[in-house]
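Here is the structure we will look at, set down as structure tokens.
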Amino acid sequence: DTGVSQDPRHKITKRGQNVTFRCDPISEHNRLYWYRQTLGQGPEFLTYFQNEAQLEKSRLLSDRFSAERPKGSFSTLEIQRTEQGDSAMYLCASSSAYEQYFGPGTRLTVT
Amino acid sequence: EDQVTQSPEALRLQEGESSSLNCSYTVSGLRGLFWYRQDPGKGPEFLFTLYSAGEEKEKERLKATLTKKESFLHITAPKPEDSATYLCAVFYNQGGKLIFGQGTELSVKP
């Protein structure tokens with residue numbers, strides 16, 4: 001399977017804990033994106049990378065959120081001191097041109 | 001403020017009953033529009049890209065069209081396996097972020 005992969009698929013954590021998600025893009029894609037989706041809504045943009053450079057961050061991305069793409073390949077998204085409002089599906093996408101291809105997502109539940 | 005609105009929010013059809021989904025947008029500097037399909041608990045699956053008014057794309061029972069203010073996804077003779085949430089998204093430039101609508105949840109009954 002050469003699609004976008006994400007790990008873990010599900011994460012349950014207690015409020016105040018830190019969590020980290022991983023995304024592996026399609027191998028030839030140089031752009032990688034993170035989105036967040038809550039129930040009944042479309043995905044909301046968080047941040048994106050071109051190679052290892054983080055080019056844009058949404059105002060939704062508070063200082064508790066940090067994303068990295070150290071070698072221009074996989075990316076990690078860390079949420080520190082999780083809050084119940086962080087519960088959502090976190091989606092990763094990659095592209096080489098216009099079309100963005102999404103992974104299966106990581107569903108985060110904060111209790 | 002840039003905005004993408006989809007209607008209806010939910011649509012229930014009988015198998016074989018054709019219909020259309022709408023995506024309207026107020027975005028300055030639009031470069032194009034995507035349609036995605038999303039099944040429950042999964043990531044969006046790419047369907048179409050439309051770049052300019054008047055453009056049309058087709059795939060099986062689906063046809064997407066674009067005007068200067070909105071896009072339509074026409075579903076001809078739908079089957080139960082077409083049941084999903086359909087999302088539209090607009091973009092400003094190559095490689096940039098997408099702005100999504102809230103989606104239309106389509107249910108097709110046999």
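Things to note:
- Longest site-free stretch - chain B; sites: GluC sites (Glu not before Pro), DSSP loop, at most 15 other Cβ within 10 Å: B:61-110
- Percent RCO, i.e. relative contact order, over the range A:61-111, from Cα pairs under 8 Å lying at least 6 residues apart: 29 percent
- Segment A:SER73-A:GLN54, length gained on full extension (0.36 nm per residue, minus Cα span): 5.6 nm
- Amide H partners (placed H, <5 Å) of B:PHE48, local residues excluded: B:TRP35
- Under 17 Å from the Cα of B:LYS69 - aspartates and glutamates, other chains or at least 8 residues apart: B:GLU1, B:ASP2, B:GLU55, B:GLU56
- Based on the Kirkwood approach, the hydrodynamic radius assigned to chain B is 14.0 Å, with every pair of different Cα atoms included.
- Spatially proximal lysines relative to B:LYS68 (Cα-Cα < 26 Å; intrachain offsets below 8 disregarded): B:LYS57, B:LYS59, B:LYS97
- Remark: relative contact order (chain B) = 36 percent; criterion is Cα-Cα distance under 8 angstrom and separation of 6 or more residues.
- Note on A:100-107: average number of Cβ atoms from other chains within 10 Å of each residue's Cβ is 4.
- Pairwise label distance in nanometres, B:HIS74 with B:ARG31, each label 7 Å out on the Cα-Cβ vector: 2.9 nm
- Those GluC sites (Glu not before Pro) in the range A:1-73 that DSSP places in a loop and that have at most 14 other beta carbons within 10 Å: A:GLU28, A:GLU52
- Our compactness index for the range B:1-62, the C-alpha radius of gyration over the empirical 2.2 N^0.38 Å, is 1.28.
None of the figures in this text is laboratory data; all of them are computed from the coordinates on show. Just so you know, these numbers come straight off a predicted model, no measurement behind them. Backbone-built Cβ (ideal geometry, glycine too); neighbour counts: all protein chains shown.
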